[in-house]
1. Taking Met286, is it at pLDDT 95 or above, in contact with a Ser or Thr (Cβ under 8 Å, 6 or more places away or on another chain) and not basic (Lys, Arg)?
2. Test Ala52 against the criterion of being closer than 16 Å to Gly208 by Cβ, more than 9 Å from the ligand (Cβ to nearest atom) and either assigned by TED's automatic domain parsing to the domain that holds Ser194 or part of a loop (DSSP other than H, G, I, E, B) (or both), and give yes or no.
3. So how many residues does the stretch 241-283 have that are more than 19 Å from the chain's Cα centre (by Cα) and among the hydrophobic types (A, V, I, L, M, F, W, C)?
4. Check off (1) within 16 Å of the ligand (Cβ to nearest atom); (2) surrounded by fewer than 18 Cβ atoms within 10 Å (Cβ to Cβ) for Val136 and give me the number that stays unchecked.
5. State which residue pairs qualify: first residue at positive phi and inside the stretch 194-213, second residue surrounded by fewer than 17 Cβ atoms within 10 Å (Cβ to Cβ) in any location, beta carbons under 8 Å apart, and separation of 6 or more residues or different chains.
6. Regarding Thr22, is this residue at pLDDT 95 or above, among the hydroxyl-bearing types (Ser, Thr, Tyr), in contact with a helix residue (DSSP H, G or I) (Cβ under 9 Å, 6 or more places away or on another chain) and within 12 Å of the ligand (Cβ to nearest atom)?
7. Kindly check whether there is at least one residue in the stretch 58-65 that is without any contact (Cβ under 8 Å) to a residue 24 or more places away in the chain, among the acidic types (Asp, Glu) and on the phi < 0 side of the Ramachandran plot.
8. Kindly indicate the residue of the stretch 25-37 that is away from the ligand (no atom under 13 Å from the Cβ) and either in contact with a Phe, Trp or Tyr (Cβ under 8 Å, 6 or more places away or on another chain) or not in a loop (DSSP other than H, G, I, E, B) (or both) and also nearest to Lys6 (Cα to Cα) among those meeting that condition.
Amino acid sequence: MSGLPKTADVVILGGGVMGASTAYHLAIRGIKNILLLERAPFFGTGATGRCAGGIRHQFKTEVNIRLSKKSLSMIDALEEETGHSAHVRKCGYLFVLTAEKDVSVFQKTLELQHSLGVKTEWLSGDEVRRLAAPCVFPDALAGTFNTEDGLADPNSIVMAYINTARRYGAVCLTDCSAIGIELEKNHVRKVCTSLGTVATETVVNACGPWSAFLGNEIGLKIPVYPLRRQWFVTETIPELTSEFPFVIDFAQSLYFHREGSGLLSGMSNRNEKIGEDQSIDPKWEMQHIEAAVKRMPLLENSGIKARQAGLYELTPDAHPIIGSTPVEGFHLLTGFSGHGFMQGPICGKLMAEIFIDGEATTVDISMLDYDRFAEKRLIPEYNVV
Ligand SMILES: Cc1cc2nc3c(=O)[nH]c(=O)nc-3n(C[C@H](O)[C@H](O)[C@H](O)COP(=O)(O)OP(=O)(O)OC[C@H]3O[C@@H](n4cnc5c(N)ncnc54)[C@H](O)[C@@H]3O)c2cc1C
């Protein structure tokens with residue numbers, strides 16, 4: 001007995017935050033015959049389980065600001081809604097700006113955030129230096145800070161959604177890979193899996209960095225590319241206070257936040273090549289440590305306790321692809337390009353709206369369609385870390 005049903009109204013592929021949130025939001029709106037398939041032995045061990053846990057309002061595009069605003073309030077309400085806490089810690093996000101060009105972009109971004117009700121503050125170089133300490137930024141020109149940004153726990157959110165979706169009757173399976181999609185006249189008819197075949201007319205591809213594979217199987221190019229990112233966590237650093245914010249040295253794509261009694265630091269390698277390698281790159285780690293020690297001299301005296309590498313699911317404009325495709329019944333919820341964990345709650349809800357109401361209504365995501373790439377309607381996001 002594999003537990004794999006013979007038919008499903010909706011088959012969700014991938015048990016990361018996107019798949020889990022979609023299953024939950026469909027289930028609480030009364031959809032009964034939901035099947036979620038995760039190929040790993042546990043849910044949430046793909047990009048979601050390797051992410052840094054950051055949640056923020058501070059984006060450049062209106063759609064990302066609106067998505068985060070809704071999603072972060074859903075994360076706040078998760079415990080009341082599902083009985084599971086997301087373990088939110090609002091330490092605030094501090095973007096430190098050391099390049100003139102970033103200062104002018106962030107100034108405009110701040111105006112947009114204010115117009116959408118997001119209360120990000122503008123800081124002078126001196127205010128940045130005070131807030132970022134014990135990080136050192138002699139070259140800080142300015143910064144932005146939002147006290148409502150911070151951290152949440154990816155595993156808690158995934159399991160809150162999976163457990164509650166199951167309570168409402170959704171079937172959520174691990175150890176089951178989707179290996180192909182059968183079409184009839186360009187309509188989805190079946191999902192082929194490692195445990196057998198399921199008849200369905202509706203599929204949601206929420207396979208994160210691995211989303212392109214199932215598109216290739218049906219001749220659909222999905223412009224989502226896996227890109228390695230990595231971070232490390234130090235041993236205890238007693239000098240770090242509980243107020244230390246999530247600090248981002250934007251020009252270097254270098255970040256720090258408290259993790260337990262130590263510090264988590266990540267840095268994006270701009271020369272990283274597209275690929276599925278999830279092992280730590282030791283050469284990059286050395287460069288990262290050197291850059292990190294310059295900003296946070298306390299690191300000089302602390303050991304590394306843990307390290308992690310994972311994959312961003314990158315699109316050409318760093319925005320996700322949400323909704324239908326030219327293949328009838330084959331939907332995408334993927335391509336979040338480094339900020340999908342925080343947007344998982346709202347995006348699962350929007351997927352449910354698309355299926356049940358015919359369109360996403362809570363946030364206008366019409367510009368995040370699949371066709372924008374062919375039609376050259378890209379909407380680049382600047383605040384990608
Ligand atoms: C190092 C790092 C740091 C990050 N930091 C942040 C952050 O601070 N804040 C933030 O918001 N985001 C962050 N992100 C991005 C975030 O993790 C992702 O955008 C988000 O988790 C994507 O969720 P997902 O459900 O789409 O993908 P995933 O979590 O990868 O889930 C996809 C799932 O699909 C499964 N799967 C794949 N193929 C198949 C198949 N054929 N059949 C069945 N199952 C399949 C995989 O096993 C996987 O579990 C970070 C990412 C990385 C790598």
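The values are calculated or read from the model by the stated rules, or taken from the named source; none is laboratory data. This one's a predicted model, so the numbers in the text were calculated from it and none came from an experiment. As a convention, Cβ positions derive from the backbone with ideal geometry for all residues, glycine included, and neighbour counts pool all protein chains shown.
1. Details: at pLDDT 95 or above: yes; in contact with a Ser or Thr (Cβ under 8 Å, 6 or more places away or on another chain): no; not basic (Lys, Arg): yes.
No; evaluated as a whole, the condition is false for this residue.
2. Here the answer is no, as Ala52 does not meet what is asked.
3. Adding up the residues that qualify gives 4.
4. Single failed check for Val136: (1).
5. Qualifying pairs under 8 Å: Gly196/Ser2.
6. Working: at pLDDT 95 or above: yes; among the hydroxyl-bearing types (Ser, Thr, Tyr): yes; in contact with a helix residue (DSSP H, G or I) (Cβ under 9 Å, 6 or more places away or on another chain): yes; within 12 Å of the ligand (Cβ to nearest atom): yes.
Spelling it out, Thr22 is indeed at pLDDT 95 or above, among the hydroxyl-bearing types (Ser, Thr, Tyr), in contact with a helix residue (DSSP H, G or I) (Cβ under 9 Å, 6 or more places away or on another chain) and within 12 Å of the ligand (Cβ to nearest atom).
7. Let us first name the residues in the stretch 58-65 that are without any contact (Cβ under 8 Å) to a residue 24 or more places away in the chain, namely none.
Checking the stretch 58-65: not a single residue is without any contact (Cβ under 8 Å) to a residue 24 or more places away in the chain, among the acidic types (Asp, Glu) and on the phi < 0 side of the Ramachandran plot.
8. Our first condition is that a residue be away from the ligand (no atom under 13 Å from the Cβ); within the stretch 25-37, this holds for 25-34.
Imposing the further condition that a residue be either in contact with a Phe, Trp or Tyr (Cβ under 8 Å, 6 or more places away or on another chain) or not in a loop (DSSP other than H, G, I, E, B) (or both) reduces the set to 25-28, 31, 34.
Working: His25: 22, Leu26: 19, Ala27: 19, Ile28: 22, Ile31: 17, Ile34: 12 Å.
Per the criteria, the residue is Ile34.
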